[in-house]
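Undergrad: The structure under discussion is supplied below as structure tokens; questions concerning it will follow.
The values are calculated or read from the model by the stated rules, or taken from the named source; none is laboratory data. Since we're looking at a predicted model, the values are computed, not measured. Cβ sites come from the backbone with ideal geometry, for glycine too, and all protein chains shown count toward neighbours.
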Amino acid sequence: MQTLSPAAAAYPTSIQRVADALAALGHAQQPVLLDAAARTAQQAADALGVALGQIAKSIVFRHVGSGRAVLVVCAGDRRVDERAVTAQVGELARADAAFVRATTGFAIGGVSPVGHAQPPIALLDDSLWRFDRIWAAAGHPHAVFALQPDDLVRWLQVQPSAVSLVPPGA
């Protein structure tokens, strides 16, 4: 894992947007650049040497009624329960890469929970609270940042709920 300091070079635009959002939120942890891509939760966990559940993956759906992005921040070792999400926000549709980029400003594999181009409808997976420290994408498939689950409650102004499926045997 390596970090890119502002003195050494400038962040790419999408990572800088996350860094700026984190600074505005008063978060001391800045994005970290990984040597390898972390497009999946497993890749991020392997690169960071943490449990898969400590990766806060950002899954985006399209809200049918409004056309807005629905951001579900889910533990990396869980799958989003689309029925639970639909029960909370209404009918969902799949979000293709163009929709994700247009509404969040990020490419799939690098969607951050903060710094979106348009404010999403947000939901938080309550299983993230199994961990004191978690990691989220920072606007690029090679960038992540550390945070605590309670940070997401403050930043997204939403309470955690059961929006993931518990894996068999867990």
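Undergrad: Test of understanding: among ALA84, ALA107, ALA95, which residue is surrounded by fewer than 18 Cβ atoms within 10 Å (Cβ to Cβ), over 11 Å from the mean Cα position of the chain (by Cα) and modelled with pLDDT of 95 or more?
TA: None of the other options fit; the residue is ALA84.
Undergrad: Between residues in the stretch 83-96 that are touching a residue at least 24 places away in the same chain (Cβ under 8 Å) and over 15 Å from VAL158 (Cβ atoms) and residues that are polar (S, T, N, Q) and surrounded by fewer than 17 Cβ atoms within 10 Å (Cβ to Cβ), which pairs lie under 7 Å by C-beta distance while being six or more apart or on different chains?
TA: LEU92/THR86
Undergrad: Quick one: is GLN54 at pLDDT below 95, over 18 Å from SER161 (Cβ atoms), out of contact with any Ser or Thr (no Cβ under 9 Å at 6 or more places or on another chain) and not charged (D, E, K, R)? Before you say what the answer is, go through the steps one by one.
TA: Values: at pLDDT below 95: no; over 18 Å from SER161 (Cβ atoms): yes; out of contact with any Ser or Thr (no Cβ under 9 Å at 6 or more places or on another chain): yes; not charged (D, E, K, R): yes.
No; evaluated as a whole, the condition is false for this residue.
Undergrad: In addition: Go over the candidates ARG68, ARG78, ARG83 one by one and state the one that is farther than 16 Å from GLY139 by Cα and touching a helix residue (DSSP H, G or I) at 6+ places or on another chain (Cβ under 6 Å).
TA: The unique qualifying residue is ARG78.
Undergrad: May I ask you to verify whether LEU52 is in contact (Cβ under 8 Å) with a residue 12 or more places away in the chain and more than 17 Å from the chain's Cα centre (by Cα)?
TA: no
Undergrad: Then there is this: Could you check ALA28 against (1) outside any loop (DSSP other than H, G, I, E, B); (2) over 15 Å from PRO141 (Cα atoms); (3) hydrophobic (A, V, I, L, M, F, W, C) and say which number it fails?
TA: Going through (1) outside any loop (DSSP other than H, G, I, E, B); (2) over 15 Å from PRO141 (Cα atoms); (3) hydrophobic (A, V, I, L, M, F, W, C) one by one, ALA28 breaks only (1).
Table: residues versus (1) over 16 Å from the mean Cα position of the chain (by Cα); (2) at pLDDT 90 or above; (3) among the hydroxyl-bearing types (Ser, Thr, Tyr).
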| residue | (1), (2), (3) |
| --- | --- |
| TYR11 | yes, no, yes |
| SER14 | no, yes, yes |
| ALA19 | no, yes, no |
| HIS27 | no, yes, no |
| LEU33 | no, yes, no |
| GLN43 | no, yes, no |
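Undergrad: Now for a different question. Just wondering, is there one or more residues in the stretch 117-126 that are modelled with pLDDT of 95 or more, within 15 Å of VAL73 (Cβ to Cβ) and among the charged types (D, E, K, R)?
TA: yes
Undergrad: Which of the residues that make up the stretch 116-164 are crowded, with 17+ Cβ neighbours inside 10 Å and touching an Asp or Glu at 6+ places or on another chain (Cβ under 7 Å)?
TA: Answer for the stretch 116-164, where residues must be crowded, with 17+ Cβ neighbours inside 10 Å and touching an Asp or Glu at 6+ places or on another chain (Cβ under 7 Å): PRO160, VAL163, SER164.
Undergrad: Then there's this: Give me the residue from the stretch 15-61 that is among the β-branched types (Val, Ile, Thr) and farther than 14 Å from ILE134 by Cβ and, out of that set, surrounded by the most Cβ atoms within 10 Å (Cβ to Cβ).
TA: Out of the qualifying residues, it is VAL18.
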